[in-house]
Amino acid sequence: MPNVAPRQSIRAAARRLVGRAFPRRGARPAPWPGVALARLDRLPWPLLVTLGLVPAAALGWLALRSPAATALLLLLLPVAVRHRVRLVWPGERAAAVRAPPPQRPASAVPPPPPKSYPVHDPLIEMVQLPGGTFRMGSDKARDPQADDNECPSREVRLSPFAMALTPITRGLYRSLVKDAPFGWRGDKDDAALPANYVRWDDALRFCNALSERSGLKPCYRQTDSHWADSPWACDWAADGYRLPTEAEWEYACRAGTETPWFWGPDDKKARRYAWFVEDWSTGSVHPVAQKLVNPWGLRDMAGNCWEWCWDRYASPYDPSATDDPRGPAVGQWRVLRGGSFGSEPRDLRSAARARNAPGSRLRYVGFRCVRGSGRQPLP
């Protein structure tokens, strides 16, 4: 039986060349010369040699007979070099097909996306935090300094949210609230100091004022507008500012770490990250953003001033509250987190917690805001 494979391959190659030279109506012509010439390596090598020698011989004969042809050949030479075609022998082509694709060097692999990033809201700097799961609380087995009110340690799952870069400052508070706390009157040039001496419900009113000024829906309302001490309710679907839940606060403070302090297993580096009892001589809070950030870029998460949280205080934790927990439904105390300028190093641990009456005004208590976010999906 005669071997018709070479004839068929030559005919197919001829049809392809004719089709590219005279495309059918509506057909997209092949680009020339780069891609069209690069595809010639699919032709049989005897045909390619013939196609190469015939034009070369003709051009050489013309160059010997005419100076104009010589000049034309010199002009075309750079084009020919730029779009040259390298012959690929059948064995080499088969080896190339079998060879695995080359691996990119490690330096060319893009780095993973950051777990947090800054968000520039109109009036306040925020840090966007990803949703995730972490171990909230502590126990004696993990941390010998753990208190009973930090137990039991449990896995908690949180939705994404954005947290203020620093505690709310007095300068920002004054710009939105007319009546500043009485305790601020003895301080000068205090715009960068944390807004301390603020009651828990004052912090909620500030969050609503900040939301309204920013064109967002406020999160808080009092259940009875005719009673000044009426309980507060939170609209968790609103896009405005609010206090963090206790779980959100600890998640942001830990920033993916599992050590007692977010900077490591002991308090040796505390002075680099926090104002605490060693700075008690001043007897007051310090300007924000003077210490190093935590792994997610948040400042003053340890020391300087305790921070109000939304949750009512309960000890021990409710072990069944694992998805976006918001604290117990009843209770007379509200949770404080973070430690202050008068705290011992053990109170700067990520799991450390305290409590106070929501109506109290204290020089070592401030707050910061968070916002729910649709910027990142649930994990």
### Summary
In region 119-138, anything at pLDDT below 80, assigned to a strand (DSSP E or B) and surrounded by fewer than 17 Cβ atoms within 10 Å (Cβ to Cβ) is listed as His120
### Task
Would you mind stating whether Glu307 is in a helix (DSSP H, G or I) and at pLDDT 95 or above?
no
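To keep it simple, each residue is scored yes or no on (1) outside any loop (DSSP other than H, G, I, E, B); (2) in the same structural domain as Met163 (by TED's automatic domain parsing); (3) within 24 Å of Asp139 (Cα to Cα); (4) of a type in the set (Gly, Ala, Ser).
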{"residue": "Ala238", "(1), (2), (3), (4)": "no, yes, no, yes"}
{"residue": "Cys253", "(1), (2), (3), (4)": "yes, yes, yes, no"}
{"residue": "Gly256", "(1), (2), (3), (4)": "no, yes, yes, yes"}
{"residue": "Lys268", "(1), (2), (3), (4)": "no, yes, yes, no"}
{"residue": "Val293", "(1), (2), (3), (4)": "no, yes, no, no"}
{"residue": "Ser343", "(1), (2), (3), (4)": "no, yes, yes, yes"}
### Query
When you look at Tyr273, is it closer than 26 Å to Asp187 by Cβ, of a type in the set (Ser, Thr, Tyr) and in contact with a strand residue (DSSP E or B) (Cβ under 8 Å, 6 or more places away or on another chain), yes or no?
yes
### Query
Only one of Glu258, Glu250 is surrounded by 20 or more Cβ atoms within 10 Å (Cβ to Cβ), of a type in the set (Asp, Glu) and under 23 Å from Arg157 (Cα atoms); which?
Glu250
### Query
For residues in region 273-311 being among the charged types (D, E, K, R) and under 30 Å from the mean Cα position of the chain (by Cα), which is surrounded by the most Cβ atoms within 10 Å (Cβ to Cβ)?
Asp300
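The values are calculated or read from the model by the stated rules, or taken from the named source; none is laboratory data. Just so you know, these numbers come straight off a predicted model, no measurement behind them. We place every Cβ from the backbone using ideal geometry, glycine too, and count neighbours over all the protein chains shown.
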